[in-house]
1. Within segment 345-367, can you find the residues that are among the β-branched types (Val, Ile, Thr) and open to solvent by less than 60 Å² (accessible area, probe 1.4 Å)?
2. List the number of the failed condition for ALA140; all other conditions in (1) modelled with pLDDT of 90 or more; (2) in contact with a Ser or Thr (Cβ under 7 Å, 6 or more places away or on another chain); (3) of a type outside the set (D, E, K, R); (4) under 24 Å from GLU374 (Cα atoms) hold.
3. If I ask for residues that are open to solvent by less than 40 Å² (accessible area, probe 1.4 Å) and not hydroxyl-bearing (Ser, Thr, Tyr), which ones from segment 222-235 would you list?
4. Looking for something modelled with pLDDT of 90 or more and of a type in the set (Ser, Thr, Tyr) - is there at least one such residue anywhere in segment 20-43?
5. Is one or more of the residues making up segment 185-197 charged (D, E, K, R) and touching a helix residue (DSSP H, G or I) at 6+ places or on another chain (Cβ under 6 Å)?
6. Pairs under 7 Å by beta carbon, first residue farther than 15 Å from LEU423 by Cβ and open to solvent by 10 Å² or more (accessible area, probe 1.4 Å) in segment 265-288, partner at pLDDT below 90 and not in a helix (DSSP H, G or I), six or more apart or different chains?
7. Identify all residues within segment 317-344 that are at pLDDT below 90 and either surrounded by fewer than 16 Cβ atoms within 10 Å (Cβ to Cβ) or outside any helix (DSSP H, G or I) (or both); write none if there are none.
8. Any chance you could count how many residues in segment 176-227 are at pLDDT below 90, within 26 Å of LEU105 (Cα to Cα) and assigned to a helix (DSSP H, G or I)?
Amino acid sequence: VGMVLQESAGAPSPPAAAGGVGDAAAEVQLSRLRWAVLLLFSSYSLCNAFQWIQYGSISNVFMRFYDVSAFAIDWLSMSYMLIYIPLLFPVAWLLDKRGLRLIALAGSALNAVGAWVKLGSLKPHLFPVTVLGQVICGLAQVFILGMPSRIASVWFGSHEVSTACSIAVFGNQLGIAAGFLVPPVLIPNVEDVEKLAYHISIMFFMIAGVASALFFLVIIVFKEKPPNPPSLAQALMQSRPTAEYSYVQSILHLLRNANFLLLMVTYGLNVGCFYSLSTLLNRMVIHHYPGEEVNAGRIGLTIILSGMVGALISGIWLDKTKTYKQTTLVVYIMSLVGMIVYTFTLDLGHLWVVFVTAGLLGFFMTGYLPLGFEFAAELTYPESEGTSSGLLNVSAQIFGIAFTIGQGQIMDRFGTKAGNLLLCSVLFLGTVMTAFIKADLRRQQANLENE
């Protein structure tokens, strides 16, 4: 580039030579608003994820209230995955053409609308209304899932980008954790339908209120991008003429990138297993430990909380070491080990054992989520992070639906152990494929070359 840009929190960089990156970005500087933007995104992502799992975490209660099958309740969870697949590309295109703010507004608005629609489904015959509300929330999720790595890149410096991505993914995980913990506490397994409707209404009202407040905060706080680019790689991206960028070309570049394609499949296998496990957890635990709905929720909470610790540690570790391939492979192997241990200890009759093994599994399996996003951003720079993470998510949703249906059917016919062994074999395949990904760290290279 023929110039040096300083990358520091406060010091402005010297004026750039004509024709350099500086024409597009006079200086690289971090904005104080970045943490507010990140926190707000994490919060409405949390609210959306809560709505994904709020039915599944007490599936037996909702089955009785609406008088529907277990498969119908599973579809309330799978609807999120199904909606994401066809809508990813239009939304990723919008993200590239119209920017972060519009996507944030759409995601938080749809999330609030879906929550209010569910309030119209408080009678046993109104199951279709709750399905409609869930579909609207599933639409909101399309505007949420691909954002973490884009927010991290646009708002954060190169020394904190992986940590920021981890925190952005955190919100979604915390929402799933709350979705496991809160519904069993708020909605007791009572026979009286009127009482049940009252308890369900409390949960739906709380969510609608929170989702609406977050939408108004997004209108006020969420900005398109900081006044100055936060990193050298971002300065280079912003200096590129828009005419140079083609969305279709970007997707074609990604689909020709062998390392990214391998990562896309392995990410889908791992996260698809996580989706299936989360959706069917209540059924698994209650099968072996009847009447333990609240503890089933707490086991789900344990999986997510330990995974959040894993995600944060892996984000900080990546920022310090930049060992993307090695870290991803180790975490994948440990996810497989955790799944095997969980499978063979679930039916021992000791709930505390299930808590321990679920915590071990969650630490690695959920800790893998931001690793996949960040590794993809490195392998595919300078392509849009929204597109790369979107493709990862599509892979996860497709595998998630397949595994949830497959594991559910196997559990019904052959028991929970057979269903969990399906996930073990899938994670083994993913581990082997991860070993073949080459660490082609292009974003890191761009930062080093331009310092």
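The values are calculated or read from the model by the stated rules, or taken from the named source; none is laboratory data. None of these values were measured; they are calculated from a predicted model. No Cβ is skipped: glycine too gets one built from the backbone with ideal geometry, and neighbour counts run over all protein chains shown. For accessibility, only protein heavy atoms count, side chains too; no ligands or nucleic acids. Shrake-Rupley method; radii C 1.70, N 1.55, O 1.52, S 1.80 Å.
1. Matches in segment 345-367: THR345, VAL353, VAL354, THR357, THR366.
2. (2)
3. PHE222, PRO226, ASN228, PRO229, PRO230, LEU232, ALA233, GLN234, ALA235
4. Checking segment 20-43: at least one residue is modelled with pLDDT of 90 or more and of a type in the set (Ser, Thr, Tyr).
5. no
6. Note: pairs meeting the criteria are ILE286/GLU292; HIS288/LEU346; HIS288/ASP347.
7. If the condition is that a residue be at pLDDT below 90 and either surrounded by fewer than 16 Cβ atoms within 10 Å (Cβ to Cβ) or outside any helix (DSSP H, G or I) (or both), then LYS320, THR321, LYS322, THR323, GLN326 are the ones that fit.
8. Selection size over segment 176-227: 5.
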